[in-house]
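The values are calculated or read from the model by the stated rules, or taken from the named source; none is laboratory data. These figures come from a predicted structure and were not determined experimentally. Every residue, glycine among them, receives a Cβ derived from its backbone with ideal geometry; neighbour counts consider all protein chains shown. The area values use the complete protein model at the heavy-atom level, side chains included, leaving out ligands, DNA and RNA. Shrake-Rupley method; radii C 1.70, N 1.55, O 1.52, S 1.80 Å.
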Amino acid sequence: MAKSLPYHHEAEQSVLGAVFLEPKQIVNVIDQLNHDDFFEQSHVLIYKAMIELQQEGKNIDFASVASKLESTQNLMKAGGRKYLLSLAETVPSA
């Protein structure tokens, strides 16, 4: 079944960016979101990499997520290193 609109690009970015800024929060996010909840394929790939790293007991940071994506030949499909770094800038602050 194809995914349909509406979806919120910035909201997806904010979730991923928040995990990059506070990696320990992945345990709370996993309880709330599945990778199928993301609309954009790049975000699905990034979120899956984050979950895999958490399950392996590894740190979730830009380098480890990029490495995980690269090992599965998905780094460019996920937007590349620059896109990963830009996700932290999308997190709203007070």
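Brief remarks on what is shown
- The chain shape via C-alpha gyration tensor axes, a/c threshold 1.5: rounded
- Lys pairs, the chain - Cα-Cα below 15 angstrom, 8 or more residues apart or on other chains: 6
- Checking every one of the trypsin sites (Lys or Arg not before Pro) in the chain against DSSP loop status and a limit of 16 other Cβ atoms within 10 Å picks out K3, K58, K77.
- Viscosity 0.890 mPa s, temperature 25 °C, Stokes-Einstein D of the stretch 28-71 from Kirkwood C-alpha radius, µm²/s: 230
- By accessible area, using a 1.4 Å probe on protein heavy atoms only, the chain has 53% of its surface on carbon and sulfur.
- Between S14 and T72, residue separation times 0.36 nm minus the direct Cα-Cα distance comes to 18.5 nm.
- Positive-end extreme of charge dipole, the stretch 6-60 - chosen from I60, I26, Y7 (charges on Cβ): I60
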